[in-house]
Amino acid sequence: NSGVMSLLRPLLLDVVPTIQQTAALALGRLANYNDDLAEAVVKGDILPQLMCSLSEQNRFYKKAAAFVLRAVGKHSPQLAQAIVQCGALETLAICLEDFDPGVKEAAAWALGYIARHNSELSQAVVDAGAVPLLVLCIQEPEIALKRIAASTLSDISKHSPELAQTVVDAGAIAHLAQMILNPDAKLKRQVLSALSQIAKHSVDLAELVVEAEIFPVVLTCLKDSDEYVKKNGATLIREIAKHTPELSQFIVNAGGVAAVIDCIGSCRGTVRLPGIMMLGYVAAHSENLSMAVIVSKGIPPLCTCLIEEHEDHIKAAAAWALGQVGRHTPEHARAVAVANVLPTLLSMYMDTRSSEDLQVKASIFTTKRSLKNILQKCTYLPALEPLLHDAPPNIIKHIVGQFSKVLPHDSKARRLFVTTGGLKKVQEIKAEPGSLLQEYINTINNCYPEEIVR
């Protein structure tokens, strides 16, 4: 408000180098503070002046100038676009070849903040020739430089298969894969994130990541003491598993399912989410893969997540994963039903039906679909019977439908159904004449002599 910007601007061209650097730092800190101030830096015509000096000045000034660019570019795609328009990307790319690691780091950081907004800006960074130089940076000895270069490659890869392919073509995967075992936790986070962002786009890219021999090494990350390393490790495995049954089978063979199940058991909150999703994706592909999740004792920790977690999206993910496990055959559905999870799913569905929140609405839909998927395959009647007393009409029809399939062929179940009060409950259900539910009830009643039904 006191007009500091216009006072700092001429100092960028001062004859004393320390004054130049300090002026640049001051502008950077102002721009970093919020987008209005960053906007003022752009409007005050400060960028072209920075650009003049960025190419010929000493390393301290280059770092300060790159910091200003990063501080402006981080706030919004529009501000990042202003940096692209003043021709800064080419100069930043040249800084990636500087002899000073600090200059490289500052340049990589600025490029990452520009690339992360959208695919157009990311493409501009690629067109400036930054990717091969970033791949060289991850091979440098300085840990801080490795981290930020890996993070920038991750930001470039995330937007589209084409951008991820550019990173792959520069030879990034092999170098990233070698760093999975690096002792530095922050570096591991970035490396796992970059590999996830590459693998998520297509089967081909996921296969290239797998071919870099990241298994079984990546499974050690699931036991890491750093929560984000765990989470990013599980995310990478999830992004590979989701594509094809073959990739999922490969992960199962490498011991990946058991490792993810342990990981879900040992942590809390959002760290669990990618692991939960990964189990759902594996189970969704085929009966055998779903059985692999059951045999590895994957159902109990998923049930624990349903009960323990408070956030709707984590509960919904666990409900979805259980639905994927149980939807294949009566045997699969029984494995889920025996874990006594159906009443929990039902009460989740009932609890949240009145909510207006969109996220909650999405989780209701997921829970209902999972419940339906399991119920339509479940022939294990002891688990279904308690639900007869609480379920709303749209769920009741699936439960009664399962009884109508099993009871005609199972005399022991027929006897039990009377003694536990199930048959009585069925008589109380109000069904529309001619509806599917009414047909199911008639089928059940036809299994018994008329006086018992009465």
Note to self: Translational diffusion coefficient of the stretch 60-190 at 20 °C, 1.002 mPa s, Stokes-Einstein with Kirkwood Rh over Cα pairs, in µm²/s as a whole number.
What the structure shows: 150
Margin query: Restricting to Cα atoms and excluding each atom paired with itself, what does the Kirkwood estimate give for the chain in Å?
Written below: 25.3
Margin query: Distance cut-off 26 Å, Cα to Cα: go down the list Lys200/Lys315; Lys242/Lys372; Lys62/Lys230; Lys230/Lys372; Lys104/Lys242; Lys62/Lys188 and report the pairs above it.
Written below: Lys62/Lys230; Lys230/Lys372; Lys104/Lys242; Lys62/Lys188
Check: Counting each DSSP H run of 4 or more residues in the chain as -39500 (n - 2.57), what helix-only mean residue ellipticity at 222 nm follows after dividing by all residues, to the nearest 500 deg cm²/dmol?
Finding: -22000 deg cm²/dmol
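What dipole magnitude, in Debye to the nearest 20, does the chain give about its Cα centre under +1 on Lys/Arg Cβ and -1 on Asp/Glu Cβ?
Taking the Cα centre of the chain as origin, the dipole is about 1500 debye.
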Note to self: For the stretch 60-134, take N as its residue count and report Rg(C-alpha) divided by 2.2 N^0.38 Å.
What the structure shows: 0.96
Notebook entry, point to check: How many angstrom lie between the C-alpha centres of the stretch 132-195 and the stretch 301-355?
Noted result: 37
Check: Binned at 5 Å from 0, what are the whole-percent values of the Cα-Cα distance distribution for the stretch 1-42, short to long?
Finding: 6, 26, 31, 23, 11, 4, 0
Notebook entry, point to check: Among residues other than Val271 whose Cβ falls under 9 Å from its Cβ, what is the net charge (Lys/Arg +1, Asp/Glu -1)?
Noted result: +3
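Kirkwood Rh over Cα pairs of the stretch 175-305 into Stokes-Einstein at 37 °C, 0.692 mPa s: D in µm²/s?
It comes out at roughly 230 µm²/s.
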Note to self: Positive end of the dipole of the stretch 363-452, charges at C-beta (+1 Lys, Arg; -1 Asp, Glu), about the Cα centre: which of Thr366, Ile444, Gly422 has its Cα farthest in that direction?
What the structure shows: Thr366
Item checked: Loop trypsin sites (Lys or Arg not before Pro), the stretch 224-281, which have at most 16 other Cβ atoms in a 10 Å radius of their Cβ (DSSP) -> Arg268
Notebook entry, point to check: Around Cys221, what is the net charge, scoring Lys/Arg as +1 and Asp/Glu as -1 over all other residues with Cβ under 11 Å from its Cβ?
Noted result: +3
Notebook entry, point to check: Where the centroid of each part is defined by its Cα atoms, how far is the stretch 384-433 from the stretch 217-248 in Å?
Noted result: 42
Notebook entry, point to check: Counting other Cβ atoms within 10 Å, which trypsin sites (Lys or Arg not before Pro) in the stretch 352-453 have at most 15 and lie in a DSSP loop?
Noted result: Arg353, Lys430
Next item on the list: Return the tail of the calculated pair distribution for the stretch 1-133, meaning the percent of Cα-Cα pairs more than 21 Å apart.
Entry: 33
Checklist line | Cα-centred dipole magnitude for the stretch 1-113, charges only on beta-carbon of K, R (+1) and D, E (-1), debye, nearest 20 | finding: 180
Next item on the list: Would you mind finding the longest exposed-site-free stretch of the chain, with exposed GluC sites (Glu not before Pro) meaning DSSP loop and at most 14 other Cβ atoms within 10 Å?
Entry: 357-454
Next item on the list: Report the net charge of residues surrounding Cys303, where surrounding means a beta-carbon distance below 14 angstrom and charges are Lys +1, Arg +1, Asp -1, Glu -1.
Entry: +1
Check: For the stretch 304-454, what is the per residue volume of the convex hull drawn over the alpha-carbon atoms, in cubic angstrom?
Finding: 110
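The numbers here are math on the coordinates, done by the rules we state, and not lab data. Remember, predicted model here, so these are calculated numbers, not experimental data. Heads up, the Cβs are rebuilt from the backbone with ideal geometry, glycines too, and the neighbour counts pull from every protein chain shown.
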